[in-house]
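Since the structure comes first, as C-alpha cells, the remarks are kept for the end.
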Amino acid sequence: MTAEESKVAEIPVSQPAETTKVVEETSPVVVVETVKVADGDVDAKKCDEPKTVEVEEKKIEAGAEDAVPVVTKNSSFKEESNFLSDLKEYEKKALIELRSKLEEAILENNLFKKEEAKKEEKKEEEKPAEEEAKKEEKKEGEKPVEENKETEKPAEEKEEGKQGEKKEEEKPAEESQEKPAQKAEEEKKPDVGTEEKAVELNKDISLWGVPLLPGKGAEATDVILLKFLRARDFKVNDAFVMLKNTLQWRKELNIDLILDEDLGLDLNSVAHMNGVDREGHPVCYNIYGVFQNEELYEKTFGTEEKRNQFLRWRFQLMEKGIQKLDFKPDGVSSILQITDLKNSPGPSKKELRIATKQAVGLLQDNYPEFVARNIFINVPFWYYAFNAVLSPFLTQRTKSKFVFVRPSRVAETLFKYIPAENIPIQYGGLNRENDSEFSIENGSVSELLVKSGGTETIEIPVPEVGTTALWDLSVFGWEVIYKEEFIPEDEGSYTVIIQKSKKISANEEPIRNSFRNNEPGKIVLTIENTSYKKKRVLYRFKTQKSF
C-alpha cells in the first residue's frame with residue numbers, strides 16, 4: 001500500500017533529534033535513512049556521512065545542480081521467498097510455532113475477544129475524566145468532623161453493629177449449598193450445541209480468502225502467516241497478537257464486506273490501481289496534488305466524519321488491490337505503491353496530516369508486508385524534513401522499502417521497476433487511459449540509447465500504398481532535437497515533413513503520431529542529443545493497410 005502515505009506527529013524539543021541521510025542511486029533514487037540521535041550523543045560530522053557502496057563521481061557541467069555521489073549498486077529492499085525450503089531454521093521454527101498457537105486458538109474459540117471483555121475494555125477506555133475530578137472534589141469537601149464520625153457513634157450502635165457482623169459470620173455453610181444438586185450440575189453444563197456451533201464457525205475463519213486453520217493444509221496459509229511474522233521480526237507472540245488484532249479490527253469494521261459498499265466517494269483521481277510492475281506486482285498510484293483543489297479537500301477532510309469515510313475508502317482500495325494477488329508460495333502477494341507529491345499540500349494542512357497519520361498506522365498494523373516497495377516521486381525539498389518526522393512511526397523494514405525520486409528522474413526511475421507500456425504518459429511512459437490503439441499483444445516497447453552529442457534514427461517501413469503507421473515515442477529527460485519525415489522509395493519524389501525539427505523540453509509528454517502514405521517508402525524519426533549525457537529513448541509502432 002500500501003500504505004500506503006506519511007505519518008506525522010509534533011516532536012517536542014526535548015525529544016531526540018532526527019538526522020536524515022540522503023543517498024542517491026544510479027537508478028536514480030534518493031534513499032532517506034533516518035537515525036534517531038539523542039542530543040549530544042553523536043558527532044554531527046559522522047551523521048552527515050552517507051552509507052554508500054561503489055560510489056563514483058558524476059561528470060557535471062559547471063553550475064549543474066546534480067553534483068551528488070551516485071550509488072552504482074541497488075541496496076533497496078528485496079522480497080524474501082515464501083517457500084518453506086528457502087526459510088532459515090529460526091524462521092521455520094517460528095512459523096511452526098505460530099501455526100500451533102493459531103490452531104489452538106481457533107479450536108478453543110479464543111481467537112476473538114469475548115463480548116464481556118470488549119465491554120470491560122470499552123468501559124475502561126471511556127472512564128470520564130470527571131471521575132478523577134469528583135474524587136478530588138470529595139477529598140477537598142470532606143470535613144474532619146465527618147471523617148471522625150465513626151468515633152462519635154453511640155456505644156449501643158457500635159455494639160449492635162458488631163453483633164450483626166457476628167451473625168453474618170455464623171451463617172451455616174449449608175446455606176450456600178441450598179441449591180439442588182441437579183440445578184448446580186445444569187449451571188456447570190455448557191450449551192453443547194452453542195459451543196459446537198461457535199467452534200465450527202471459527203474453524204472456517206479466513207483472511208483475504210485464505211483459510212487460517214493450519215490443519216486444512218492450505219499453502220496460502222503459510223504465506224499469510226509469514227507476512228505477520230516478518231512484520232514482527234519473527235517474534236511469534238508479537239506476530240500472533242498482531243494477527244488477532246487484525247482479525248478483531250476487520251470484524252468490528254466489517255472489512256470483509258467493504259468491497260460491496262458504495263461509499264459515495266469519487267476519488268479515482270486521488271488513488272487508483274493501474275497495471276503491473278516487472279515482477280507482476282499490481283501498481284497503486286497515489287496522487288496528492290489533486291488536494292490543491294480546496295473544494296475536493298474540504299469534501300474529503302472537512303469533518304471527522306468525512307475523514308473516517310476517506311479512510312474507509314482507502315481500505316476499500318487496498319482490498320481491491322489484494323483481489324489481484326496470489327497467495328501461493330510462488331505467487332505475487334504484495335503491491336507496488338507510487339506516491340506522487342507534485343503540488344501536494346504541505347505539512348501545514350492539518351486535516352490531511354491527521355488522515356494520513358491514521359491511514360499509515362492502520363494500513364501498517366492490519367496489512368503487513370503488502371507493499372513490495374513504496375516509491376515517492378516528484379519529491380519536494382520539504383518532504384525530506386517531513387520524512388524525518390514520520391520516520392519514528394515506521395518500522396525499519398517499512399523504511400527500507402522507500403524510494404525517493406526527484407522530478408527530473410521520475411521516468412527513468414519508474415522504468416527500472418515498471419515496463420514502459422504500463423507507465424502512465426504523465427510520468428514519461430507510454431500507457432494512455434482507455435487506449436484502443438496499442439494492447440498488451442501489440443504494444444511491446446523497444447529501447448534506443450543516444451550518446452552525448454550523437455544522433456539516432458528509427459525507421460518504420462511502409463512499402464505498400466495506403467498504409468497507416470502509428471507510433472509512440474518518449475525520451476527520458478528529453479532536451480533533444482526531434483523531427484519526423486516520410487522518405488519515398490522513388491528518389492525523384494519529395495520528402496514529406498511530418499513534424500519539423502524542434503527542441504523538446506524536459507517536461508514534454510510522450511509523443512504519439514500517425515501517417516498514411518500515398519507511395520512506398522519509410523517513416524524516419526530522428527533524435528539528436530545535444531546534452532552532455534546519454535539519453536534513453538522508448539518507442540513502439542504498428543502499421544496497418546487502410547481500406
The lone condition residue 286 fails out of (1) more than 27 Å from residue 350 (Cα to Cα); (2) assigned to a strand (DSSP E or B) is (1)
Among residues of the stretch 345-370 being in contact with a Lys or Arg (Cβ under 6 Å, 6 or more places away or on another chain) and crowded, with 22+ Cβ neighbours inside 10 Å, the residue modelled with the lowest pLDDT is 360
The lone condition residue 473 fails out of (1) of a type in the set (A, V, I, L, M, F, W, C); (2) more than 30 Å from residue 405 (Cβ to Cβ); (3) surrounded by 12 or more Cβ atoms within 10 Å (Cβ to Cβ) is (2)
Item to complete: Return yes or no: is residue 433 surrounded by fewer than 16 Cβ atoms within 10 Å (Cβ to Cβ) and either among the aromatic types (Phe, Trp, Tyr) or at negative phi (or both)?
Response: yes
Among residues of the stretch 308-356 being among the basic types (Lys, Arg) and part of a loop (DSSP other than H, G, I, E, B), the residue farthest from residue 377 (Cα to Cα) is 328
(1) over 24 Å from residue 397 (Cα atoms); (2) touching a helix residue (DSSP H, G or I) at 6+ places or on another chain (Cβ under 8 Å); (3) at pLDDT 95 or above all hold for residue 248 apart from (2)
Taking the stretch 399-430 and keeping residues touching a Leu at 6+ places or on another chain (Cβ under 9 Å) and surrounded by fewer than 16 Cβ atoms within 10 Å (Cβ to Cβ) leaves none
When restricted to 238, 256, 266, the only residue farther than 19 Å from residue 344 by Cβ and in a loop (DSSP other than H, G, I, E, B) is 266
With criteria (1) surrounded by fewer than 18 Cβ atoms within 10 Å (Cβ to Cβ); (2) among the charged types (D, E, K, R); (3) out of contact with any strand residue (DSSP E or B) (no Cβ under 6 Å at 6 or more places or on another chain); (4) within 30 Å of residue 243 (Cβ to Cβ), residue 299 comes up short on (4)
Of the residues in the stretch 333-343, those that are over 14 Å from the mean Cα position of the chain (by Cα) and surrounded by 23 or more Cβ atoms within 10 Å (Cβ to Cβ) number 1
Those helices (runs of 4 or more DSSP H) completely within the stretch 363-439 that have 1 or more residues that are of a type outside the set (D, E, K, R) and over 17 Å from the mean Cα position of the chain (by Cα) are 382-390, 410-417
Residue count, the stretch 497-516, condition in a loop (DSSP other than H, G, I, E, B) and either in contact with a strand residue (DSSP E or B) (Cβ under 9 Å, 6 or more places away or on another chain) or on the phi > 0 side of the Ramachandran plot (or both), comes to 3
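A quick yes/no check of all residues on (1) modelled with pLDDT under 95; (2) assigned to a strand (DSSP E or B):
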position: 448; (1), (2): no, yes
position: 470; (1), (2): no, yes
position: 477; (1), (2): yes, no
position: 485; (1), (2): no, yes
position: 526; (1), (2): no, yes
position: 539; (1), (2): no, yes
position: 544; (1), (2): yes, yes
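Let's see how each residue does on (1) of a type in the set (Asp, Glu); (2) within 30 Å of residue 406 (Cβ to Cβ):
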{"site": "479", "(1), (2)": "yes, yes"}
{"site": "487", "(1), (2)": "no, no"}
{"site": "492", "(1), (2)": "no, no"}
{"site": "512", "(1), (2)": "no, yes"}
{"site": "522", "(1), (2)": "no, no"}
{"site": "528", "(1), (2)": "yes, yes"}
Looking for something part of a strand (DSSP E or B), on the phi < 0 side of the Ramachandran plot and in contact with a Ser or Thr (Cβ under 6 Å, 6 or more places away or on another chain) - is there at least one such residue anywhere in the stretch 450-458? yes
*Among the residues of the stretch 187-205, is any within 22 Å of residue 315 (Cα to Cα) and modelled with pLDDT of 50 or more?*
yes
Here the residues within the stretch 468-492 that are over 24 Å from residue 510 (Cβ atoms) and out of contact with any Asp or Glu (no Cβ under 6 Å at 6 or more places or on another chain) are 489, 490, 491, 492
What do you reckon, is residue 519 modelled with pLDDT of 95 or more, surrounded by fewer than 16 Cβ atoms within 10 Å (Cβ to Cβ) and either part of a loop (DSSP other than H, G, I, E, B) or not assigned by TED's automatic domain parsing to the domain that holds residue 453 (or both)?
yes
Those residues of the stretch 264-289 which are under 13 Å from residue 318 (Cβ atoms) and crowded, with 20+ Cβ neighbours inside 10 Å amount to 271, 282, 284, 286
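The values are calculated or read from the model by the stated rules, or taken from the named source; none is laboratory data. Only a predicted model underlies this, so the values are computations on that prediction, with no experimental measurement involved. Every residue, glycine as well, gets a Cβ built from its backbone with ideal geometry; the counts of neighbours run over all protein chains shown.
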